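J.: I am attaching a structure below and will ask some questions about it afterwards.
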Amino acid sequence: MTTRPTGGGRLTGRRHLAGALALVLAVTATGTLTGSAASAAPARPGNSAPNLGTNVTVFDPATPVEQIQATLDATYAQQVDNEMGTQRYAYLFKPGTYGTADKPLQIKVGYYTEISGLGASPSDVVINGKVEVYNRCLEGGGTSNCLALVNFWRTLSNLSINVNGKGQDGCRATANFWAVSQAVSLRRLNVNGGTFSLMDYCTAGPQYASGGFIADSNFPDVVNGSQQQWLTRNSKVTSWSNGVWNQVFSGVQGAPAETAFPDPPYTTLDKTPLSREKPYLFTDADGRYSVRVPAAQRNTSGTSWSAGLTPGRTIALRDFFVAKPSDPVWLINANLALGKNLLLTPGVYNVAQSIKVWRPNQVVLGIGHATLTAVNGATPLTVADVPGVVVAGVTIDAGTKESKHLLKVGNKNGLGLSSASNPTTLSDVYFRVGGPHIGKVDVALEVNSDNVLIDHTWVWRGDHGVEGFTEGVNGDTQRWRTNIGRNGAIINGDNVTATGLFVEHFQKYNTIWNGENGTTVLYQNELPYDPPTQADWTQRDGTLGYAGYKVGAKVRNHKLYGAGVYVFNQNNPAIRTENGFEVPKRPGVKLHHIMTVNLSAGIIDHVVNGEGAAADTTKIGVPIYVTDYPAS
């Protein structure tokens with residue numbers, strides 16, 4: 001039996017459309033639509049919080065630290081192994097200080113959990129203690145095979161941490177541990193004292209981790225440890241310890257310099273070519289809730305808040321439709337049509353018709369890993385060819401009936417309205433094809449608009465999950481035939497920038513970039529584990545396999561900084577892929593610091609366009625690097 005996350009939002013038929021139109025006409029003068037299960041009313045005056053749903057908890061500095069600790073511990077106990085569950089949570093902290101030197105607040109963060117401050121600046125919310133993610137120990141009754149390779153889907157942002165390990169064992173007290181992999185973001189953090197470790201070295205091995213992302217943050221000494229790849233953008237670090245395969249720094253003060261690449265494997269851009277920080281919810285001195293929408297910036301380094309309020313605009317929460325999972329899509333669309341922005345509260349939304357964003361500068365902000373699941377082959381979210389739209393903090397799941405897309409930005413033959421100074425932006429938008437249930441989609445993310453910024457995404461065709469994901473040699477045929485995802489990301493628009501593009505396991509090209517003047521800063525890819533035969537992984541013209549990153553043959557200008565394509569043909573170790581990267585050989589197409597890696601099965605014959613040695617089973621875990629293509 002195929003399971004589907006619970007939740008509302010599935011409405012069809014003319015009767016519902018007629019009802020929606022009637023409501024739109026009735027409330028045009030007021031500009032507000034409400035549903036029976038949720039309210040779009042503005043935040044109430046004083047210090048009372050708006051209705052953000054049962055899965056959002058707002059803490060006050062007056063709340064006893066023991067109560068906060070007990071609440072968060074209970075959620076962690078539920079979520080620590082709940083990788084494919086439907087529960088979603090956001091814990092928000094009002095401005096103030098939490099925990100003390102003698103009684104620190106020590107938070108552990110599990111799946112689908114967001115921990116965020118509600119200050120205008122990260123310094124407005126201070127946690128004396130820690131906010132941590134540890135390895136999951138999967139064998140021996142939870143004592144062995146400890147790793148962080150599947151520590152996905154969690155968020156930490158907009159607060160300060162004074163690291164305090166009092167009361168923890170000797171090893172745990174040495175650092176704030178954040179052992180994670182994909183779909184995890186650290187944003188707007190100010191961390192003081194101790195060290196910040198991106199691996200959990202206190203558990204038994206193997207201690208592998210494969211993340212990740214930091215932006216707009218100040219950090220002390222960072223222990224990279226076992227992280228295979230990592231992007232740190234527009235931040236400041238005291239020091240950075242090491243790297244495994246590819247560590248990319250863009251606009252980071254204190255970043256290690258490029259020296260003798262690949263030893264150490266650092267890729268460093270002094271400034272980020274294009275950035276826009278993720279919108280954040282905050283309260284003012286009177287307790288009113290608003291959303292700060294940062295402005296796009298070019299050629300910057302360091303944090304956006306070091307000199308005061310992050311540049312941008314503030315939108316009162318009353319100008320958002322605050323949606324709950326039980327709200328029907330027609331109601332969400334009616335509010336968007338009226339000009340409202342959209343705040344998606346935590347939960348799983350079943351979407352049988354597209355949520356349509358078509359006004360310039362509209363904001364769609366999800367909290368607590370709000371998830372849109374396609375129903376009956378719908379495209380859950382579409383964005384029109386207009387400038388300045390921001391979609392942030394949203395996870396989009398394929399459903400059991402094939403969708404053409406999960407997110408489509410613009411149309412191939414659309415109006416083409418865009419702005420270089422005000423790009424449409426996708427921040428922490430994650431895609432999932434399979435996992436909690438079988439998923440089917442042709443293309444997960446398609447970008448047709450010009451001037452778009454993709455700031456941290458994980459586009460994932462599931463390599464494991466609840467149903468239909470039989471493991472083992474010759475056991476993945478079922479997955480290959482039923483869990484359908486042909487392409488992860490197709491970029492057709494010009495002047496598109498991606499900072500932190502993670503795309504994995506799709507059945508044809510994982511990423512195709514057809515637009516001119518594209519830029520990618522850190523790309524990570526694993527080819528699919530599960531092709532049953534070489535014939536299943538061969539193109540019509542006889543080319544063996546599909547490159548993990550393809551730049552279209554007509555493209556004349558493209559830049560890629562720091563990228564890896566990994567192979568693990570678990571189902572059939574004899575399968576070959578000709579090239580990890582496939583690009584037109586032109587002076588304007590430049591790849592800097594790229595590599596392939598064999599994880600233990602299969603072969604990639606070359607890194608790019610027939611150049612670079614084979615990543616085969618004689619070099620398991622040993623990257624094959626090309627420093628620059630074409631060679632300078």
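J.: Can you spot a residue in the stretch 602-612 that is surrounded by fewer than 17 Cβ atoms within 10 Å (Cβ to Cβ) and out of contact with any His (no Cβ under 9 Å at 6 or more places or on another chain)? Explain how you work it out, then say what you get.
T.: At the first step, the residues of the stretch 602-612 found to be surrounded by fewer than 17 Cβ atoms within 10 Å (Cβ to Cβ) are 610-611.
Filter once more, keeping what is out of contact with any His (no Cβ under 9 Å at 6 or more places or on another chain): 610-611.
Yes, the stretch 602-612 contains a residue that is surrounded by fewer than 17 Cβ atoms within 10 Å (Cβ to Cβ) and out of contact with any His (no Cβ under 9 Å at 6 or more places or on another chain).
J.: Another question, then. Got a sec? Which of Phe249, Phe177 is among the hydrophobic types (A, V, I, L, M, F, W, C) and over 28 Å from Glu139 (Cβ atoms)? Please lay out each step first, then the result.
T.: Values: Phe177 fails: over 28 Å from Glu139 (Cβ atoms).
Matching residue, one of Phe249, Phe177: Phe249.
J.: Across the stretch 585-618, what is the number of residues that are part of a loop (DSSP other than H, G, I, E, B) and in contact (Cβ under 8 Å) with a residue 60 or more places away in the chain? Outline the logic, then answer.
T.: Restricting attention to the stretch 585-618, the residues satisfying the condition of being part of a loop (DSSP other than H, G, I, E, B) are 585-588, 602, 609-610, 612-614, 616-618.
Pick out the ones that are also in contact (Cβ under 8 Å) with a residue 60 or more places away in the chain and you get 602.
Of the residues in that region, 1 qualify.
J.: Residues of the stretch 465-483 being loosely packed, with under 14 Cβ neighbours inside 10 Å and modelled with pLDDT of 80 or more, which ones?
T.: Hit for the stretch 465-483 is Arg481, nothing else.
J.: As an exercise: evaluate Gly287 against (1) of a type in the set (Gly, Ala, Ser); (2) more than 23 Å from Leu417 (Cα to Cα); (3) at pLDDT 95 or above and give the number of the one condition it does not meet.
T.: Unmet for Gly287, out of (1) of a type in the set (Gly, Ala, Ser); (2) more than 23 Å from Leu417 (Cα to Cα); (3) at pLDDT 95 or above: (3).
J.: In this structure, does Gly621 turn out to be more than 17 Å from Gly548 (Cβ to Cβ), surrounded by fewer than 23 Cβ atoms within 10 Å (Cβ to Cβ) and either β-branched (Val, Ile, Thr) or in contact (Cβ under 8 Å) with a residue 12 or more places away in the chain (or both)? Steps first, please.
T.: Values: more than 17 Å from Gly548 (Cβ to Cβ): yes; surrounded by fewer than 23 Cβ atoms within 10 Å (Cβ to Cβ): yes; either β-branched (Val, Ile, Thr) or in contact (Cβ under 8 Å) with a residue 12 or more places away in the chain (or both): yes.
So Gly621 fits the description; yes.
J.: Here's something else I'd like to know. Just checking, which of Thr538, Thr577 is without any contact (Cβ under 8 Å) to a residue 40 or more places away in the chain and either crowded, with 16+ Cβ neighbours inside 10 Å or hydrophobic (A, V, I, L, M, F, W, C) (or both)? Even if it seems obvious, please write down each step before you answer.
T.: Numbers: Thr577 fails: without any contact (Cβ under 8 Å) to a residue 40 or more places away in the chain.
The unique qualifying residue is Thr538.
J.: Would you confirm whether any residue within the stretch 166-174 is crowded, with 24+ Cβ neighbours inside 10 Å and over 21 Å from Ala77 (Cα atoms)?
T.: Restricting attention to the stretch 166-174, the residues satisfying the condition of being crowded, with 24+ Cβ neighbours inside 10 Å are none.
No: zero hits.
J.: Taking the condition assigned to a strand (DSSP E or B) and either farther than 28 Å from Leu231 by Cα or in contact (Cβ under 8 Å) with a residue 60 or more places away in the chain (or both), does Thr425 pass?
T.: Working: assigned to a strand (DSSP E or B): yes; either farther than 28 Å from Leu231 by Cα or in contact (Cβ under 8 Å) with a residue 60 or more places away in the chain (or both): yes.
So Thr425 passes the test.
J.: Could you list, in sequence order, the residues of the stretch 258-272 that are of a type in the set (A, V, I, L, M, F, W, C) and closer than 19 Å to Lys559 by Cβ? Write out each step before concluding.
T.: Taking the stretch 258-272 first, the residues of a type in the set (A, V, I, L, M, F, W, C) are 260-261, 269.
Within the stretch 258-272, Phe261, Leu269 qualify.
J.: Among the strands (runs of 3 or more DSSP E) lying completely within the stretch 482-552, list those that include at least 1 residues that are over 18 Å from Ala183 (Cβ atoms) and aromatic (Phe, Trp, Tyr). Let's see the steps before the verdict.
T.: Details: elements: 484-491, 497-504, 511-513, 518-526, 549-551.
Of the strands (runs of 3 or more DSSP E) lying wholly inside the stretch 482-552, those with at least 1 residues that are over 18 Å from Ala183 (Cβ atoms) and aromatic (Phe, Trp, Tyr) span 511-513, 549-551.
J.: Separate question: Looking at the stretch 192-203, can you tell me whether even one residue there is in contact with a Lys or Arg (Cβ under 6 Å, 6 or more places away or on another chain) and either among the hydrophobic types (A, V, I, L, M, F, W, C) or not assigned by TED's automatic domain parsing to the domain that holds Ala370 (or both)? Explain how you work it out, then say what you get.
T.: First pass over the stretch 192-203, keeping only residues in contact with a Lys or Arg (Cβ under 6 Å, 6 or more places away or on another chain): 202.
If we keep only those that are either among the hydrophobic types (A, V, I, L, M, F, W, C) or not assigned by TED's automatic domain parsing to the domain that holds Ala370 (or both) as well, we get 202.
For the stretch 192-203, residues in contact with a Lys or Arg (Cβ under 6 Å, 6 or more places away or on another chain) and either among the hydrophobic types (A, V, I, L, M, F, W, C) or not assigned by TED's automatic domain parsing to the domain that holds Ala370 (or both): present.
J.: Limited to the stretch 551-574, what total is found for residues that are touching a residue at least 60 places away in the same chain (Cβ under 8 Å), buried (at least 24 other Cβ atoms within 10 Å of the Cβ) and within 30 Å of Gln478 (Cα to Cα)?
T.: 2
This table checks each residue for (1) in the same structural domain as Leu453 (by TED's automatic domain parsing); (2) over 16 Å from the mean Cα position of the chain (by Cα); (3) in a strand (DSSP E or B); (4) surrounded by fewer than 22 Cβ atoms within 10 Å (Cβ to Cβ).
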| position | (1), (2), (3), (4) |
| --- | --- |
| Gln353 | yes, yes, no, yes |
| Gly366 | yes, no, yes, no |
| Gly377 | yes, yes, no, yes |
| Thr382 | yes, yes, yes, yes |
| Val391 | yes, no, yes, no |
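J.: Specify the residue that is nearest to Gln168 (Cα to Cα); the eligible residues are those in the stretch 55-108 that are out of contact with any Leu (no Cβ under 8 Å at 6 or more places or on another chain) and among the β-branched types (Val, Ile, Thr).
T.: The selected residue is Thr100.
J.: I'd like to check something: does the stretch 89-105 contain any residue that is among the polar types (S, T, N, Q) and within 22 Å of Arg461 (Cα to Cα)? Outline the logic, then answer.
T.: Residues of the stretch 89-105 that are among the polar types (S, T, N, Q), as a first pass: 97, 100.
Those left that are additionally within 22 Å of Arg461 (Cα to Cα): none.
Within the stretch 89-105, none of the residues are among the polar types (S, T, N, Q) and within 22 Å of Arg461 (Cα to Cα).
The values are calculated or read from the model by the stated rules, or taken from the named source; none is laboratory data. All values reported here derive from a predicted model rather than from experimental measurement. Glycine also receives a Cβ, built like all others from the backbone with ideal geometry; neighbour counts cover every protein chain displayed.
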